[in-house]
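Beneath this line is the structure, given in structure tokens, with notes to follow.
Each value in this text was obtained by applying a stated rule to the coordinates, not by laboratory testing. Since this is a predicted model, take the numbers as computed values, not measurements. Using ideal geometry, Cβ is built from the backbone for each residue, glycine included, and neighbour counts are taken over all protein chains shown.
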Amino acid sequence: MTHRIGYLVGSLSQDSINRVLAKALIRVAPDSLELTEIPIRDLPLYNRDDEMDPVPAVTEFKAAVEGSDGLLFVSPEYNRSIPAPLKNAIDWGSRPWGQNSFARKPTGIIGASVGAIGTAVMQSSMRSVLSFLDAPQLNAPEAYITFKPEVYGDDGEVADEGTEKFLRHYMDEYAAFVERVLSVTLPGHM
Ligand code: FNR
């Protein structure tokens, strides 16, 4: 069975290395996953005053999250934390109270950095946020990617065999995790 996975790129940059990583992940993902980006670029800054009458970008964002079988966060680390555009998107999706779009969605967190720790601190912050939002997370493998430009092509090609194998393993494990979570939360979905 095919599962629809929404992926969120935590960077708004045209040259985002995390967008490059996302392309590589799509390329190595098993056929059981259909990956579609959920854009966060057009969301306004979160304001509680607008929760009950949000602009269409917010409504569309929440619908895209809710319509996904699982979510994959592909994000940089900014100042040892979650980039503001991604946190902003999560805040919108979590509200209004009682309408948390992330609840029970199987999630994966992965990220690329130019630094050696490969977004580990961002991922740790994300785990707290997603726990609070009742979103089950793939615990292992963890994937902290130090981005090497020579390894990644523009269309998701991965020039290094070891890296390609690791990313493929990550996506296989993520797919198996999604399957496990859905079999509990949506019994009979198969
Ligand atoms: C960074 N960068 C960075 N890297 C890191 O490993 N840990 C960090 O805390 C930060 N902090 C940080 C803050 C800000 C505001 C910027 C712009 C950058 C460097 C970061 O890894 C690098 O810019 C990546 O290219 C960002 O990913 P995208 O935007 O290219 O996907």
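At a glance:
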| item | result |
| --- | --- |
| Net length gained if the chain between residue 15 and residue 161 were fully extended (0.36 nm per residue, minus Cα distance) | 50.2 nm |
| Where only C-alpha atoms are counted, convex hull volume of the chain per residue in Å³ | 113 |
| Sites residue 48 and residue 127, calculated FRET efficiency, Cβ-Cβ separation with R0 25 Å, nearest 0.05 | 0.50 |
| Translational diffusion of segment 31-98, µm² s⁻¹ [Kirkwood Rh, Cα pairs; Stokes-Einstein; 37 °C; 0.692 mPa s] | 251 |
| Residue 186 versus residue 63: modelled label distance in nm, points set 7 Å from Cα along the beta carbon direction | 1.8 |
| Residue-averaged [θ]222 nm for the chain, counting only DSSP H segments that reach four residues, each worth -39500 (n - 2.57) | -12000 deg cm²/dmol |
| Normalised contact order of segment 3-185, rounded percent, pairs of Cα under 8 Å and 6 or more residues apart | 27 |
| Efficiency of FRET between residue 154 and residue 34 - r from beta-carbon atoms, R0 22 angstrom, step 0.05 | 0.50 |
| Environment charge of residue 59, counting only residues whose C-beta is closer than 14 Å and scoring Lys/Arg +1, Asp/Glu -1 | -4 |
| Extended-chain gain in nm, criterion 0.36 nm per residue less alpha-carbon gap, residue 139 and residue 84 | 17.4 nm |
